[in-house]
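Nothing in this text is a laboratory measurement; each read-out follows from the coordinates by a stated rule. Quantities reported herein were computed from a predicted structural model and do not represent experimental measurements. Here the Cβ is made from the backbone with ideal geometry for all residues, glycine too, and neighbour counts use every protein chain on show.
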Amino acid sequence: MEFYAVNGKKRPIRLCDATRRFAYESLNRKYGLDTLEHRAVDLDGVEGYESMTMLERYDVAIETIVREARIRICENEKLSGAATFGAAIRHGVPARYQGQTICMSISHLTVDFETVLKKGIHHIRKNAEQSLEAHRGTDREPFLKSCLKCLDAFDVWHGRYLDALRDRPEYRANYENLKNVPHKPATNFYEAVQSLWFTFAFLRLCGNWPGIGRIDYLLGDYLKKDLADGRLTLDEAREILAHFFIKGCEWINGKYIGSGDAQHYQNILLCGVDEDGNEVTNEVTYLVLDILEELGISDFPTSVRVNRNTDETLLRRVAEVMRYGGGVLAVYNEELVIDALLRDGYELREARKFANDGCWEVQIPGKTFFTYYPFDSLRLLQQKTLRAYDGTVDFADFESLYRNYIAEIRGEVERIFQSQQKYFEKIGDSPKDWKWVEQIPCTVVSLFEEGCIEKGASYQEGGPVYNLKSPHIGGLADTVNSLYAVKKLVYEEKKLSLRELCEILKKDWEGEEQLRQSVLNRYSYYGNDNDEIDAIAARLLSDFADICVSFNDKCGYRFPAGVSTFGRQIEWAPHRGATPYGRRAGEVLAANCSPTPGTDTNGATAIIRSYCKADLTKLASGAALDIRLLPSSVEGEDGLQALVGLMRGFVLLGGFFMQPDVADAAVLREAQERPEDYRTLSVRVSGWNARFVTLNKEWQDMVIAQNEHV
């Protein structure tokens, strides 16, 4: 059994043969294909369905799901529980009425697993019962009754697994381990991992895509105590934890060609400080790195919180795993992220708890409703500020052009803000006199978000402690490069007027190839440590962030700024014109906070320096930087030291989030031609990892282009 590595090296072997076989079969679609055969439950026979409220229909769906879900027990598995409905893989509650999925499900959140581990599901039920009594006769009562019904459904599903395991002696350990958790607090490491997995699997069974969060923080103390008491060895703990990661591959199927088959947002974070400022890194941290290194499982986007005091041994271990490729590890600059959250109004102890939403947008786990609204800043520049290159626009100087563009940015953010007012009902004259309106039911998720049960309000109706709606600027490098080219060509070098340039761009550089090549190659664009253009990028991000936070407290949520594309440059490309910096209309260009492919010529360090010149503490939602590395550049001791140095430099220079990926464009092209030979080849796409062969050709070509010039 070989687990693919981009660098061609043999992965180490630490796990037993049975565990490795389980991983190999899971990665090769055994359970994902089985899941597709059972898509959803059918509600057509439910009496009175048409007259039910949305919430009542949801409750019936959850009850039916847990009673009809297949109980899957995999050969030799050490953990029990499985999400066995195919419709859940497509982000929907797996229940149909008259052939249609009843509603979409929830993602982009990390739920409160800590309460489950330390206090148990019984504690959550007690809170729901108390809240119901407190809200009797109010409009909160139906939601709280739904909470109790969904907890009843959890009990049914849990009981069905115990029944299935009880009379199978080979799974006696599973049965004994599942008897008390997740209902009661976990008492040891094995129980804690089972409790975490079973709760996660229940959320997924009901169609949701939750993140895991800080797994070493959640599990570390349990393992430390077991090791001290002689209950477990590290090797035994590694086997148990490996099954958590392997079970997380249960949706791999290779059937959904598009933006990849692994983007279920089941994020994991490692390391960093706890709420008291103490370092979290522990034995679980290193076990996770061992498992990722050996099995190459990419289905849990895993990030490491790094700070100035991070131990060199840990950074070296991260680098060792990272260079196998697949984009399985990313890096947060913990200190800067915490500063950004403090600047956005969080208390220090809360800020230190940060995790993410499944890609990389920052949130406080188990307390945060989050959604984001991306827009193409390049198209805004082209269509609004430069009026679709119609030749009628002119500005006296670059400063006038820039101020006009920022006014358009403000208008776009205002439109995003106004679009959200449909989720609120005015109840007074003040801007703060509002209430959330009824949304699609999501009780199962709401059970595991602090504030929902206490307020008697669901996750989507203002229940969580923090509610975030985040505008995200996309196409950053393309916009900055365009502004810089106009600044140089028109206002400094005066080679042509703005109207003349617009006329050329409207014709997509037709007949102006010499000028186009000159513009492409003569200027040093974003990503090359050029202070002049980097100052434009920093100013644009600062102005955008100021605009976003100016809308805070005008309704029932925070409005932090972020930077992302998440691959949307593919869907944006047909709507983009030719760029002032020499690209033709319709090209797929820059991702996230990264340079436009082909314009960065001075290496990874220059890219990081350009990115870090912006004040990233103003972007509380996050700003991701993609770094592409060739396998040959991280080989041997020098390669390890280079990766360690890259992470250290990223922190010292003030980065936010970095997604390094070790990949070779030549190998990717080969995989495009012979997908059957590269079924498990993983690449970092844009906040998630995906098996390359499950990307469609557009996405594959984009990933190849991003790696082509490295």
Can you tell me which aspartates and glutamates have their Cα less than 15 Å from the Cα of Lys455? Leave out same-chain residues fewer than eight positions away. Glu129, Glu133, Asp139, Glu141, Glu438
Roughly how many nanometres apart are two label points built 7 Å out from the Cα toward the Cβ at Asp677 and Arg415? 4.8 nm
Given a cut-off of 18 Å, name the pairs among Lys78/Lys255; Lys469/Lys554; Lys384/Lys494; Lys9/Lys697 whose C-alpha atoms lie farther apart than that in the structure shown. Lys78/Lys255; Lys384/Lys494; Lys9/Lys697
Note the angle between two axes, namely the Cα long axis of helix 476-486 and the longest principal axis of the Cα atoms of the chain, as a number of degrees from 0 to 90, rounded to the nearest 10. 0 degrees
For the range 634-648 and the range 687-710, what is the separation of their Cα centres, given in Å? 24 Å
For the chain, calculated [θ]222 nm from helices alone, where every DSSP H run of n ≥ 4 adds -39500 (n - 2.57): -13000 deg cm²/dmol
Compute the signed sum of charges (Lys and Arg +1, Asp and Glu -1) over the other residues within less than 11 Å, Cβ to Cβ, of Arg691. 0
The range 525-582 and the range 163-194 have their Cα centres apart by a whole-number Å value of 49 Å
Modelled FRET efficiency - R0 35 Å, Ala228 with Asp17, Cβ distances, 0.05 increments: 0.75
Qualifying lysines (Cα of each under 23 Å from Cα of Lys495; at least 8 residues distant if same chain): Lys487, Lys506, Lys507
Let me know the volume per residue of the alpha-carbon convex hull for the range 385-525, in Å³. 190 Å³
Quick one: check the C-alpha center-to-center distance for the range 282-338 versus the range 353-384, whole angstrom. 23 Å
How far apart, in nanometres, would the label points at Asp42 and Arg539 be if each is projected 7 angstrom from Cα along the Cα-to-Cβ direction? 6.4 nm
Starting from the Cα gyration tensor of the range 368-708, take the square roots of the eigenvalues, sort them a ≥ b ≥ c, and report rounded, prolate or oblate (rounded when a/c is under 1.5, otherwise prolate if a/b is larger than b/c, else oblate). oblate
Intensity falloff of the range 17-300 expressed as log10 I(q)/I(0), Debye formula with alpha-carbon point scatterers, at q = 0.09 Å⁻¹: -0.44
Leading residue at positive end of dipole, the range 17-300 (Cβ point charges), from His122, Phe85, Ile268: Phe85
Average projection area in nm² (convex hull over Cα atoms of the chain, one quarter of hull surface): 31.5 nm²
Under 1.5 on a/c is rounded, so check that first for the range 453-596, then, if it is not, pick prolate when a/b is larger than b/c and oblate when it is not; a ≥ b ≥ c are the square roots of the alpha carbon gyration tensor eigenvalues. prolate
If you place +1 on the Cβ of every Lys and Arg and -1 on the Cβ of every Asp and Glu, how big does the dipole about the Cα centre of the range 1-108 come out, in debye to the nearest 20? 1000 debye
The answer for the net charge of residues other than Met104 whose Cβ lies under 14 angstrom from its Cβ, with Lys and Arg +1 and Asp and Glu -1, is +3
Listed by chain and number, the residues whose amide H is under 5 Å from that of His38, excluding neighbours fewer than 5 places away on the same chain and using placed H, are Gly86
Once both labels are modelled 7 Å past Cα along the beta-carbon direction, what's the Glu492-Asp163 spacing in nm? 7.4 nm
Work out the length of the dipole vector of the range 17-300 about its Cα centre, built from +1 on the beta-carbon of each Lys and Arg and -1 on the beta-carbon of each Asp and Glu, and round it to the nearest 20 debye. 520 debye
Assuming a ≥ b ≥ c are the square roots of the Cα gyration tensor eigenvalues, decide whether the range 499-545 counts as rounded (a/c under 1.5), prolate (otherwise, with a/b larger than b/c) or oblate. oblate
For the chain, what is the charge dipole size about the Cα centre, in debye to the nearest 20, if Lys and Arg each add +1 at the Cβ and Asp and Glu each add -1 at the Cβ? 420 debye
Based on the Cβ-Cβ distance from Arg136 to Asn278, what FRET efficiency comes out when R0 is 35 Å, to the nearest 0.05? 0.25
Can you tell me, using C-alpha contacts under 8 Å and at least 6 residues apart, the relative contact order of the chain as a whole percent? 16 percent
